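Accompanying notes for the structure given below.
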Amino acid sequence: MYLSPINVEDAEQYAQWMNDIDVTINLLAVPNIYSLEKEREALIKLSKEGYNFAIVTLNNNEVIGNCSLGGVNPIHRTAEAGIFIRNKNYWNKGYGTEAMKLLLDYDFNVLNLNNIMLRGYSFNKRVIKSYKKCGLKEIGRRREAVIIGSKKYDHIYGHIGK
């Protein structure tokens with residue numbers, strides 16, 4: 001797999017993913033409806049700002065998700081990273097961990113950052129497991145910060161240092 005600039009031509013695929021409850025529950029974006037035009041606008045914005053990448057497979061150049069780096073502070077050498085494998089066919093197969101390792105390599109060795117913050121929800125076991133494989137150290141929790149139906153979940157905060 002490799003990281004690539006976000007391509008606005010992938011808007012139709014992203015719109016499909018963003019309207020799939022299994023996918024968007026992990027973003028807490030379920031209540032929203034995403035039109036093709038709305039998703040195209042979002043991708044145009046993402047492609048022009050910051051460090052936003054598509055996650056692409058090597059064997060067939062298929063876009064399977066995206067990752068990003070935000071809040072970059074070059075003085076303190078900190079930032080916050082996020083990753084999302086949107087294509088369900090690639091869940092639980094190590095692609096998220098591999099993509100995060102690529103992003104962290106870029107963060108630490110190209111941008112010369114020292115500390116990357118990560119966040120996740122306690123119900124999203126896949127992302128927590130992936131982050132831990134990459135070296136996540138939990139630094140805190142906002143208890144019962146997310147309510148889905150009648151269940152309450154923690155918002156987990158962590159970091160990975162160089």
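The values are calculated or read from the model by the stated rules, or taken from the named source; none is laboratory data. Note that the structure is a prediction, hence the values are computed from the model and not measured. Glycine also receives a Cβ, built like all others from the backbone with ideal geometry; neighbour counts cover every protein chain displayed. Surface accessibility is based on the protein's heavy atoms, side chains included, excluding ligands, DNA and RNA. Shrake-Rupley method; radii C 1.70, N 1.55, O 1.52, S 1.80 Å.
Report every pair of residues separated by at least 6 positions or lying on different chains whose Cβ atoms are under 7 Å apart, first residue within the range 75-91 and touching a residue at least 24 places away in the same chain (Cβ under 8 Å) and among the charged types (D, E, K, R), second surrounded by fewer than 16 Cβ atoms within 10 Å (Cβ to Cβ) and not in a strand (DSSP E or B).
ARG77/ASN112; ARG77/ASN114; LYS88/ASP22
Within the range 25-49, restricting attention to residues that are of a type outside the set (S, T, N, Q) and modelled with pLDDT under 85, which residue is most open to solvent (accessible area, probe 1.4 Å)?
ILE33
So which residues in the range 1-24 are assigned to a helix (DSSP H, G or I), more than 24 Å from ALA145 (Cα to Cα) and either small (Gly, Ala, Ser) or open to solvent by 60 Å² or more (accessible area, probe 1.4 Å) (or both)?
GLU9, ALA11, GLU12, GLN13, ALA15, GLN16
Could you please find all residues in the range 63-92 being open to solvent by 40 Å² or more (accessible area, probe 1.4 Å) and outside any strand (DSSP E or B)?
Hits for the range 63-92 are PRO74, ILE75, HIS76, ARG77, LYS88, ASN89, TRP91, ASN92.
Output the number of the condition that ALA99 fails; it satisfies all remaining conditions of (1) of a type in the set (Gly, Ala, Ser); (2) open to solvent by 50 Å² or more (accessible area, probe 1.4 Å); (3) at pLDDT 95 or above.
(2)
If you go through the range 50-58 one residue at a time, do you hit one that is of a type in the set (A, V, I, L, M, F, W, C) and either assigned to a loop (DSSP other than H, G, I, E, B) or surrounded by fewer than 17 Cβ atoms within 10 Å (Cβ to Cβ) (or both)?
Yes, the range 50-58 contains a residue that is of a type in the set (A, V, I, L, M, F, W, C) and either assigned to a loop (DSSP other than H, G, I, E, B) or surrounded by fewer than 17 Cβ atoms within 10 Å (Cβ to Cβ) (or both).
So the check is Cβ under 6 Å with 6+ separation or different chains; which pairs have a first residue in the range 14-38 that's closer than 19 Å to ILE64 by Cβ and of a type in the set (Ser, Thr, Tyr) and a second one that's modelled with pLDDT under 80 and open to solvent by less than 70 Å² (accessible area, probe 1.4 Å)?
Every condition considered, the pairs that remain are THR24/VAL30.
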